Amino acid sequence: MVYHWREKSVRILGTRGVPANYGGFETAAENIARYLVGNGWRVIVYCQREGNGSIMEDTWQGIERVIIPVNSPGWRGTSKFDWLSIRHACQFRDICLTFGYNTGIYNFRQRIHNIPNIINMDGIEWSRARWGLMKQGILYVNERFAALFGNHLIADHPEIERYLATRAAKRKISTITYGADPLPSAPRSSVEALNLEPGRYVTLIARLIPENSILALVQAFSARHRDHRLVILGEFRPANDEYHRKLMTIASDEVYFAGPIYDKETVQALRFHSKAYLHGHTVGGTNPSLIEAMAAGNPVIAQDNKYNRWVAGEGALYFDTIEAADKHLTLLLSDGELRQRLKTAVLHRFNEEFTWDRVAGQYEQLLTAFLSRSTAVPQV
């Protein structure tokens, strides 16, 4: 059967919706949706809300929203929301853009309805030890189903594209990274309100879990007096988490566990006035927090792996031991010429690859390619 689309229209699934209040996928969905609306697309975003009741529809800043109330917590609620979203979307002939493969098995519905479904496959999420064996198994199976049912797969990093090529034909995989907005300035007041001095601290923004090398970075920073603060943003619960207790034990009095900060302007100000950014992620593809640090012109000290090296390029110093991280910190905090060189390199890399205009433009090119095809579903 052959279908033809008469308008530029896309339905975005798999996130909690817009406006973005939760994480990277929501931020990506919002920025891509805004860009597409600005270029004449009709964009419908599925939004999850707590509670009971019927599906509601409204419009937010030119983006149509389908609001689905779900009263189940956690994983069960997300799974139910995804199922209801897909069921609703399959009533129409619009291209689907799905973020994540957590419920990839459900994507059989778009397939049997001949509705093109482009899936952002995130990182190798099933491999993260923090999920535990049962959830890892569920994610692994759903990754396989998403790779099978998706008409095109998006990787956010060339290494993820290479990995996905073991799951699907190379011709149905593209690399499109995560993005950020340039940050040329930010007020000092938000930083000073936290009793921090602009330019006298470094930042680390991440989940405080072992795979993000938090312990190694805190130990390296605390190895000597720095006359700077290390400001760590992320949920910190030493009373309930053994790893967090270890962090608190080894941290010097110059380490400041600020907890999670959700106010966007405050986070941007912290990034802009930071002397450097510490990035310890060891797994995954293009990390949103690293991109946002680069957008602020932060020189980077990053864990040495293929993911971080491709993203930050010559704008970072790379460590593979605590001793190397300590050495890089000492050098970077004292050498203004090195900081400026890294800042110039990191901004060049950001503007070359990671602006939202570039990223969203690549999404539009891919969606347009599907609009222009005479058949709804290409061969796989």
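The values are calculated or read from the model by the stated rules, or taken from the named source; none is laboratory data. Everything numeric in this text was worked out from a predicted model, so none of it was measured. Here the Cβ positions follow ideal geometry from the backbone for every residue, glycine too, while neighbour counts run over all protein chains shown.
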(request) Report, ordered by the first and then the second residue, all pairs with beta carbons closer than 6 Å, sequence separation of six or more or different chains, a first member in the stretch 19-37 that is under 25 Å from Glu50 (Cβ atoms), and a second member that is buried (at least 19 other Cβ atoms within 10 Å of the Cβ) and among the polar types (S, T, N, Q). (result) Ala20/Thr27; Phe25/Thr15; Glu26/Thr15; Ala29/Thr15
(request) Might you check whether a residue that is under 27 Å from Val43 (Cα atoms), acidic (Asp, Glu), in contact (Cβ under 8 Å) with a residue 60 or more places away in the chain and outside any strand (DSSP E or B) occurs anywhere in the stretch 135-144? (result) no
(request) Just name the residue that is nearest to Asn287 (Cα to Cα) out of those in the stretch 149-192 that are aliphatic (A, V, I, L, M) and out of contact with any helix residue (DSSP H, G or I) (no Cβ under 9 Å at 6 or more places or on another chain). (result) Ala165
(request) Working carefully through the options Glu265, Glu292, find the one that is outside any loop (DSSP other than H, G, I, E, B), out of contact with any Leu (no Cβ under 9 Å at 6 or more places or on another chain), assigned by TED's automatic domain parsing to the domain that holds Ala325 and touching a residue at least 24 places away in the same chain (Cβ under 8 Å). (result) Glu265
(message) Could you go through the stretch 280-298 and let me know if any residue there is more than 30 Å from Arg162 (Cα to Cα) and modelled with pLDDT of 95 or more.
(response) no
(message) Out of the residues in the stretch 307-365 meeting the condition of being outside any helix (DSSP H, G or I) and of a type in the set (D, E, K, R), tell me which one is farthest from Arg11 (Cα to Cα).
(response) Asp335
(request) Give me the pairs, please: first residue somewhere in the stretch 198-218 and in contact (Cβ under 8 Å) with a residue 12 or more places away in the chain, second residue anywhere and among the charged types (D, E, K, R) and in a loop (DSSP other than H, G, I, E, B), beta-carbon distance under 6 Å, and either six or more positions apart or on two chains. (result) Pro198/Arg188; Gly199/Lys275; Val202/Lys275
(message) Here's a check for you: in the stretch 1-17, which residue that is among the aliphatic types (A, V, I, L, M) and modelled with pLDDT under 95 is surrounded by the most Cβ atoms within 10 Å (Cβ to Cβ)?
(response) Val2
(message) Testing Ala312 on (1) within 18 Å of Thr203 (Cα to Cα); (2) buried (at least 23 other Cβ atoms within 10 Å of the Cβ); (3) touching a residue at least 40 places away in the same chain (Cβ under 8 Å), one condition comes back false. Which one is that?
(response) (3)
(message) So in the stretch 38-56, with the set limited to residues that are without any contact (Cβ under 8 Å) to a residue 24 or more places away in the chain and assigned to a loop (DSSP other than H, G, I, E, B), which one is surrounded by the most Cβ atoms within 10 Å (Cβ to Cβ)?
(response) Gly53
(request) Pairs only if they're at least six apart or on different chains, beta carbon under 6 angstrom, first in the stretch 73-85 and closer than 27 Å to Val10 by Cβ, second among the small types (Gly, Ala, Ser); list them, first residue then second. (result) Lys80/Ser72
(message) List pairs: first residue in the stretch 153-166 and over 19 Å from Glu353 (Cβ atoms) and assigned by TED's automatic domain parsing to the domain that holds Ala29, second residue among the charged types (D, E, K, R) and in a helix (DSSP H, G or I) anywhere in the structure, Cβ distance under 8 angstrom, at least six positions apart or on different chains.
(response) Leu153/Lys172
(message) Could you check the stretch 167-188 and list, in sequence order, the residues that are part of a loop (DSSP other than H, G, I, E, B), assigned by TED's automatic domain parsing to the domain that holds Glu26 and free of Cβ contacts under 8 Å to residues at least 60 places away in the same chain?
(response) Arg167
